[in-house]
1. Give the relative contact order (percent, whole number) for the chain; include only Cα pairs under 8 Å separated by 6+ residues.
2. Keeping all protein chains in place and using 1.4 angstrom, which order do LEU107, LEU7, LEU245 fall into by accessible surface area, from largest down?
3. Ranking request for peptides 274-281, 249-256: highest mean number of other beta-carbon atoms within 10 Å first, then the rest in descending order.
4. If you plug each phi of region 146-157 into the Karplus form 6.51 cos²θ - 1.76 cosθ + 1.60 with θ = phi - 60°, what whole-Hz ³J(HN,Hα) values come out, in order, with x for Gly and Pro?
5. Roughly speaking, what is the stretch gain from VAL305 to ARG13, that is 0.36 nm per residue apart minus the C-alpha to C-alpha distance, in nm to one decimal?
6. Cross-link list LYS4/LYS92; LYS159/LYS273; LYS75/LYS229; LYS83/LYS229; LYS137/LYS159; LYS21/LYS159: which exceed 24 angstrom alpha carbon to alpha carbon?
7. Suppose all protein chains stay in the model; what accessible area per residue would a 1.4 Å probe give for the chain, in Å²?
8. Students often check this: by mean Cβ neighbours within 10 Å, which of 191-204, 61-74 ranks highest, and how do the rest follow?
Amino acid sequence: TQIKAGLIWFNGRMVPQEEAKVSVLSHALHYGTSVFEGIRAYETPKGPAIFRLQEHVDRFFNSAKVLRMELPFSKEEVAEAIKEVVRQNGYKSCYIRPLAWMGARTLGVNPLPNNPAEVMVAAWEWGAYLGEEAVRKGARLVTSSWARFPANVLPGKAKVGGNYVNSALAKMEAVSAGADEALLLDEEGYVAEGSGENVFFVRGGVVYAIEHSVNLEGITRDSVIRIAKDLGYEVQVVRATRDQLYMADEMFITGTAAEVTPVAMLDWRPIGKGVAGEVTLRIRQAYLEAVTGRRPEYEHWLTYV
Ligand SMILES: Cc1[nH+]cc(COP(=O)(O)O)c(CN[C@@H](CCC(=O)O)C(=O)O)c1O
């Protein structure tokens with residue numbers, strides 16, 4: 001079933017998705033030289049609102065900068081395009097995917113002649129990233145045989161298309177093993193992140209976030225740290241090992257797509273009682289209230305379209 005994205009903002013114009021096409025000679029298609037974002041808009045009592053739009057636009061431009069990619073639009077124009085895609089498709093809530101890519105001026109590895117990049121923003125309705133059951137019962141994760149790439153191999157702080165071959169290989173392996181998601185370790189064997197999420201665990205009432213290290217600086221991770229502190233939990237940012245996760249009382253993963261997904265099992269070992277944890281569910285509830293405009297203290301994170 002093809003993604004139904006409706007109208008797409010394509011290099012400055014709104015076009016039906018059937019018309020939003022690129023050349024097969026696009027540099028990005030051959031070498032992974034694209035950057036993207038994952039953003040969500042949620043229905044609120046005051047209409048659809050985009051969650052932490054500015055932080056996502058800033059990261060989008062930072063990712064492009066890492067790749068020496070020139071975007072031919074300003075941050076304000078991209079932010080407006082993101083709002084337009086939600087508006088013109090009439091979405092109440094949706095998942096929004098900005099993408100910038102090196103086009104078809106030249107091939108050969110050097111991307112520079114393909115500047116300035118091309119840019120599009122698409123959006124579609126996307127439910128629970130790992131499925132409703134994983135949310136209700138807690139997701140099952142397995143440690144991947146693929147390590148998260150080191151910082152001097154690929155730029156993990158940038159959402160670069162090519163980085164996601166690492167995620168795709170890990171995800172395929174996890175799903176083929178009967179799990180819901182992969183846990184990637186770094187090259188020294190410490191906990192890094194999921195194929196598309198950051199990792200948290202709870203032990204003795206303390207909420208632990210994994211330090212940035214080689215991982216993406218998750219916006220959901222940042223929001224959840226704030227929310228957990230506001231709920232009165234002590235939050236520590238740590239470097240952790242897989243066996244610390246095995247010993248945890250609770251574990252959860254966070255991301256724009258995944259939101260706050262409880263983890264019930266890692267490597268076929270139950271985490272805590274082997275169900276979605278209580279602290280996790282409290283944080284998840286508060287996060288969902290925040291993104292749907294039900295917590296005034298987080299209203300500043302919302303951009304109404
Ligand atoms: C590797 C990785 N780590 C952490 C995160 C969480 O970051 P943030 O969304 O800012 O909290 C994401 C987002 N993964 C995006 C892409 C998912 C996909 O399947 O594509 C997302 O959640 O939108 C990652 O891709």
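1. On the way: 661 pairs, mean separation 61.0, N = 305.
Value for the chain: 20 percent.
2. On the way: LEU107 75, LEU7 55, LEU245 0 Å².
Heavy-atom accessible area, descending, gives LEU107, LEU7, LEU245.
3. Put in order of decreasing packing, that is 249-256, 274-281.
4. The phi angles translate into 9, 7, 5, 5, x, 5, 9, 10, 9, x, x, 7 Hz.
5. Values: separation 292, 0.36 × 292 = 105.12 nm, distance 1.81 nm.
Roughly 103.3 nm would be gained on extension.
6. Values: LYS4/LYS92 15 Å; LYS159/LYS273 35 Å; LYS75/LYS229 31 Å; LYS83/LYS229 30 Å; LYS137/LYS159 30 Å; LYS21/LYS159 22 Å.
Among LYS4/LYS92; LYS159/LYS273; LYS75/LYS229; LYS83/LYS229; LYS137/LYS159; LYS21/LYS159, the Cα-Cα distance tops 24 Å for LYS159/LYS273; LYS75/LYS229; LYS83/LYS229; LYS137/LYS159.
7. About 45 Å² of surface per residue is accessible.
8. On the way: 191-204: 24.0, 61-74: 17.1.
Highest mean packing first, the order is 191-204, 61-74.
The values are calculated or read from the model by the stated rules, or taken from the named source; none is laboratory data. Since the structure is predicted, the reported quantities are computational estimates derived from the model, not experimental observations. All Cβ positions, glycine included, derive from the backbone under ideal geometry; neighbour counts span all protein chains shown. Accessible surface is based on the protein model in full, side chains and every heavy atom, while ligands, DNA and RNA are left aside. Shrake-Rupley method; radii C 1.70, N 1.55, O 1.52, S 1.80 Å.
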